[in-house]
Ligand SMILES: [Zn+2]
């Protein structure tokens, strides 16, 4: 079966191809050419005349969507999440956990480990993002204080074993006792380390980087506030050009002016768009689980307790459009933040995040307004997005 997609433009995202023709065979990309330079290849033609083709998006920080939480760790939960995401242009994600009683967390990690090997509907979970329990009680956000744990290599190994080596990313507060050793140990196993949920001063943040941290979790949120005499973790995140950094672009977690500052600081090679989305994403207002926490969703805001934000109802395609609106960045600049950059940060750049011959045919088709009109995963269309049910969706 040979399919030829044509469109207005294609972003690999490192290169722009005008009037592209992309040949798909057996789920993989067999050729990419421009109709301006070559004859249209033979095959079944599918035309997207005013559209831009980009790699399917990759979200490294997402807890759930479509009514389900990744920590349910069931085939049904991941199918619901994967199917929902696939209709929004997302092809891959890291199943993200929250702090929970250790036994429950280990159970979820083990359940996810088994599911990661199975074939899935829609977007593929490529690994686990362990967010907690090694977080600061002062910057814990929605994470349950009583379940936070002091970092140790022994505890990390228990989680690593339960997850059968599938922890790809770990958020940790570098100022906690035992954090540098735990960071160095996890990094030596290939885990990418993300600094976050942290009250670290600059020195502690730099110790985390020296120990092996490569990125930062939802920049600005759940971090010590920036002070010009005590810039802390934020000072390190925004000025260390080697560090990647996540940002949640829903307009609620971070003010657009702070997003512009982030863009100037991190630039096109290091900025990462994430959603931190939870089960209520794409669902009506109501109460939803985030791990073992009950979260109220109202008008797209996820609240726990009095007024603590507990994840988002953002989808990554919307985050991409918001980012462009907040910063003035073009799609050619911004697409990499949700495709190539997360792939590079996680060490998965050979698998996802770029359109190239030989790769799985995973791509998002965007309209002239950058809305997702189709997602193609493993060469097969996933269907247009479902109707939006809340204002962030
Ligand atoms: Zn968080």
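The values are calculated or read from the model by the stated rules, or taken from the named source; none is laboratory data. Quantities reported herein were computed from a predicted structural model and do not represent experimental measurements. So basically every Cβ, Gly included, is an ideal-geometry build from the backbone, and we count neighbours across all protein chains shown.
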Segment 354-372, subset surrounded by fewer than 16 Cβ atoms within 10 Å (Cβ to Cβ) and in contact with a strand residue (DSSP E or B) (Cβ under 8 Å, 6 or more places away or on another chain), residue nearest to residue 340 (Cα to Cα): 356
Would you mind listing the strands (runs of 3 or more DSSP E) fully within segment 230-343 where at least 1 residues are at pLDDT below 95? 286-290, 293-298, 301-304
Would you check which residues across segment 289-304 are in contact (Cβ under 8 Å) with a residue 12 or more places away in the chain and over 20 Å from the mean Cα position of the chain (by Cα) and list them? 292, 293, 295, 297, 298, 299, 304
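Any residue at all in segment 180-187 that is more than 17 Å from the chain's Cα centre (by Cα), within 16 Å of the ligand (Cβ to nearest atom) and outside any strand (DSSP E or B)? Please lay out each step first, then the result.
As a first pass, look at segment 180-187 and keep what is more than 17 Å from the chain's Cα centre (by Cα): 180-187.
Going one step further and asking which of them are within 16 Å of the ligand (Cβ to nearest atom), we end up with none.
Scanning segment 180-187, I find no residue that is more than 17 Å from the chain's Cα centre (by Cα), within 16 Å of the ligand (Cβ to nearest atom) and outside any strand (DSSP E or B), so the answer is no.
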Out of the residues in segment 289-307 that are under 15 Å from residue 96 (Cβ atoms) and out of contact with any helix residue (DSSP H, G or I) (no Cβ under 9 Å at 6 or more places or on another chain), state the one that is surrounded by the fewest Cβ atoms within 10 Å (Cβ to Cβ). 293
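Looking only at segment 218-229, how many residues end up being surrounded by 24 or more Cβ atoms within 10 Å (Cβ to Cβ) and not in a strand (DSSP E or B)? It would help to see each step written out before you state the result.
In the first step, residues of segment 218-229 are kept if they are surrounded by 24 or more Cβ atoms within 10 Å (Cβ to Cβ); the result is 218-219, 222-223.
Retained after the next criterion (residues that are not in a strand (DSSP E or B)): 218-219, 222.
Number satisfying all stated conditions: 3.
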Does residue 205 count as modelled with pLDDT of 95 or more and either surrounded by 24 or more Cβ atoms within 10 Å (Cβ to Cβ) or within 16 Å of the ligand (Cβ to nearest atom) (or both)? yes
What is the one condition in (1) closer than 27 Å to residue 360 by Cβ; (2) more than 17 Å from the chain's Cα centre (by Cα) that residue 87 does not satisfy? (2)
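For residue 18, state whether it is more than 22 Å from residue 358 (Cβ to Cβ), touching a residue at least 40 places away in the same chain (Cβ under 8 Å) and outside the structural domain of residue 302 (by TED's automatic domain parsing). Show your work before the answer.
On the way: more than 22 Å from residue 358 (Cβ to Cβ): yes; touching a residue at least 40 places away in the same chain (Cβ under 8 Å): no; outside the structural domain of residue 302 (by TED's automatic domain parsing): yes.
In short, no.
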Please indicate, with yes or no, whether at least one residue in segment 308-320 is within 16 Å of the ligand (Cβ to nearest atom) and surrounded by fewer than 24 Cβ atoms within 10 Å (Cβ to Cβ). yes
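I'd like to verify a number: residues in segment 200-232 that are farther than 20 Å from residue 252 by Cβ and within 23 Å of the chain's Cα centre (by Cα), how many? Give the steps one after another, and end with the answer.
First, pick out the residues of segment 200-232 that are farther than 20 Å from residue 252 by Cβ: 200-215, 224, 227-232.
Okay, now just the ones that are also within 23 Å of the chain's Cα centre (by Cα), so 205, 208-209, 212-215, 224.
Result for segment 200-232: 8.
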